[in-house]
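The values are calculated or read from the model by the stated rules, or taken from the named source; none is laboratory data. Everything numeric in this text was worked out from a predicted model, so none of it was measured. Positions of Cβ are generated from backbone atoms using ideal geometry, with glycine treated the same way; all protein chains shown enter the neighbour counts.
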Amino acid sequence: MKSTIARLLALTLALPLVAAVPLPAAAEQAAASKRTVVYYQTQYHNNTYVSPKPLVDNNTGVTDVLVAALHLNGDGTVHLNDHPPGDPRYTQMWTDLAAMQARGVHVSMMVGGAAQGTFQRLDTEFDTYYPRLKNVITTYDLDGVDLDVEENMSLAGIERVIDALTADFGDGFIITLAPVASALSGGGNLSGFNYESLHRDRGSKIDWYNAQFYCGWGSLSNTSGYDAIINRGVFPADKVVTSSLTHSSLCGGYVEVTTTLKTTVNALVQKYPTFGGVAGWEYFISNPGGTARPWEWAGLITSYMTATPSANLALNKPATGSASCNSAESPAKAVNGSVSGGNSDKFCSLASSKWLRVDLGASKSIGKFIVRHAGAGGESASYNTRAFQLQTSGDGSTWTTRVTVTGNTANATTHQITPVTARYVRLVVTTPTQAGDPAARIYEFETYA
């Protein structure tokens, strides 16, 4: 999958072809969102077998294990890394993976990756090479495939592979892809075809995308890269999984799981209720446990995504503001907990000085704000608030600016601050929109401890 992997293909015996058989009932559709996904490529470390089974033995909440990496070689052989999938070295691995499936974990095969050739062959010699992929899926009762296309392939070619997998294994078969993150936001791409075009054509057959936020293709130091994907309006949050490095030695762009990654994941869960989840490349060396306890990474990720969120302190609290555009778009609409009630489910103001104030009812510890702008309510992103300030006050008269934003384009913005104690919070809009429209449109103004 990744440029750091020096697992070039050893040309040995081909896996014999067998007739396709139906998938077992355990191969079901993946969970709708908040998946904990682990890539598992290093099956042996220092000549010692690395079992994935501790991921379930230690109740990490792992949802998907992606076994890597399958290669369809030009000489007709099929290899899982450097050996055929049926090599005796993998016998215990297949046993362990079957035990994990029995406990509800989906097991998929990652196909392709940094080693070139597999997808070029599927593109140009489909009738020769697709049956070999199909054979591996049926032989090992796999729940899905992760198509990691890091070489040039045509749009028609990848769509043919997806169509064939769906036809052969049914709607319950999991199909994922692993683009670099920038390929989902209009930037750099390793795959040849355009992912937005693919999603428009075959999105209903694709369960999710494991977007690579590392090696220079994206960053999880904050939410901006993920926001850029969602804000394009093509890929829904439940189909975008953030793929993160689990150790700094694997490539550039590692973010520490217990600090930076935790903050980013917490923010993504808050911003996107249907957030797709987090994937880790790769298992055997995952921090913080390292090679001794690599399963700890998955347990932490699950806990970050399932922790009970703190309450919105501003929800349904008394709100006042500058003159409203009309009586239906009053300050109270910005604290009612809803962005889905139509274009009037917001606070709107055309006043020369635009502001929104909320009385929390008593002094509270405040550590975070979330502002949901016009795009969060379904309006054009051109109406998103471009510049604004967030302020706090103990008495409603003397205000301290905690956050100043200029140049915002996002539908929703999250702002962590050093915790302070205050009873009142205020949003002051300085530039209401992107292109000169004079109305401020605030769908929700949220405050958290």
Name the residues in the range 232-260 that are under 20 Å from THR291 (Cα atoms) and buried (at least 23 other Cβ atoms within 10 Å of the Cβ), would you?
SER243, SER244, LEU245, THR246, VAL257
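Listed here are the residues, each with its yes/no results for (1) assigned to a strand (DSSP E or B); (2) crowded, with 23+ Cβ neighbours inside 10 Å; (3) touching a residue at least 12 places away in the same chain (Cβ under 8 Å).
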{"residue": "ALA156", "(1), (2), (3)": "no, no, no"}
{"residue": "ASP171", "(1), (2), (3)": "no, no, yes"}
{"residue": "PHE193", "(1), (2), (3)": "no, no, yes"}
{"residue": "ARG202", "(1), (2), (3)": "no, no, yes"}
{"residue": "SER219", "(1), (2), (3)": "no, no, yes"}
{"residue": "ILE230", "(1), (2), (3)": "no, yes, yes"}
The one condition in (1) within 19 Å of the chain's Cα centre (by Cα); (2) buried (at least 20 other Cβ atoms within 10 Å of the Cβ) that THR274 fails to fulfil:
(2)
Give the residue, chosen from THR302, THR308, that is within 14 Å of LYS34 (Cα to Cα), of a type in the set (Val, Ile, Thr) and not in a helix (DSSP H, G or I).
THR308
Can you tell me which residue within the range 347-380, out of those that are more than 28 Å from the chain's Cα centre (by Cα) and among the charged types (D, E, K, R), is nearest to LEU427 (Cα to Cα)?
ARG357
State yes or no: is THR291 farther than 30 Å from ARG357 by Cα, over 15 Å from the mean Cα position of the chain (by Cα), of a type in the set (Val, Ile, Thr) and at pLDDT 95 or above?
yes
Residues of the range 250-275 satisfying the condition of being in contact (Cβ under 8 Å) with a residue 40 or more places away in the chain, part of a loop (DSSP other than H, G, I, E, B) and of a type in the set (Ser, Thr, Tyr)
TYR254, THR258, TYR272, THR274
Report yes if some residue within the range 333-345 is under 22 Å from VAL405 (Cβ atoms), surrounded by 14 or more Cβ atoms within 10 Å (Cβ to Cβ), under 23 Å from the mean Cα position of the chain (by Cα) and not aromatic (Phe, Trp, Tyr); otherwise report no.
yes
Would you be able to say whether some residue in the range 63-71 is among the polar types (S, T, N, Q) and crowded, with 24+ Cβ neighbours inside 10 Å?
no
When you check TYR272 against the structure, is it of a type in the set (Phe, Trp, Tyr) and in contact with a Ser or Thr (Cβ under 8 Å, 6 or more places away or on another chain), yes or no?
no
Qualifying position, being touching a strand residue (DSSP E or B) at 6+ places or on another chain (Cβ under 6 Å), closer than 25 Å to ASN222 by Cβ and surrounded by 14 or more Cβ atoms within 10 Å (Cβ to Cβ), among HIS415, HIS373:
HIS415
Examine the range 412-432 for a residue that is at pLDDT 95 or above, out of contact with any helix residue (DSSP H, G or I) (no Cβ under 7 Å at 6 or more places or on another chain), among the basic types (Lys, Arg) and not in a strand (DSSP E or B), and state whether such a residue exists.
no
What number goes with the only condition from (1) over 24 Å from THR401 (Cβ atoms); (2) in contact (Cβ under 8 Å) with a residue 60 or more places away in the chain; (3) of a type in the set (Asp, Glu) that GLU329 does not pass?
(2)
Working only within the range 348-371, note down all residues that are under 29 Å from ILE229 (Cα atoms), among the charged types (D, E, K, R) and at pLDDT 95 or above.
none
Of the residues in the range 138-154, those that are surrounded by 16 or more Cβ atoms within 10 Å (Cβ to Cβ) and either within 25 Å of the chain's Cα centre (by Cα) or closer than 24 Å to PHE213 by Cα (or both) come to LEU142, ASP143, GLY144, VAL145, ASP146, LEU147, ASP148, VAL149, GLU150, GLU151, MET153
Looking at ASN47, is it within 29 Å of the chain's Cα centre (by Cα) and assigned by TED's automatic domain parsing to the domain that holds GLY299?
no
Determine, yes or no, whether SER352 is free of Cβ contacts under 8 Å to residues at least 24 places away in the same chain, assigned to a loop (DSSP other than H, G, I, E, B) and in contact with an Asp or Glu (Cβ under 9 Å, 6 or more places away or on another chain).
no
Single residue of GLU329, GLU282, GLU256, GLU296 found to be in the same structural domain as TYR39 (by TED's automatic domain parsing), in contact with a strand residue (DSSP E or B) (Cβ under 9 Å, 6 or more places away or on another chain) and of a type in the set (Asp, Glu):
GLU282
Pairs returned, first residue in the range 113-141 that is closer than 20 Å to THR166 by Cβ, second residue that is of a type in the set (Ser, Thr, Tyr), beta-carbon separation under 7 angstrom, 6 or more apart or interchain, are LEU122/TYR129; LEU122/TYR130; ASP123/SER154
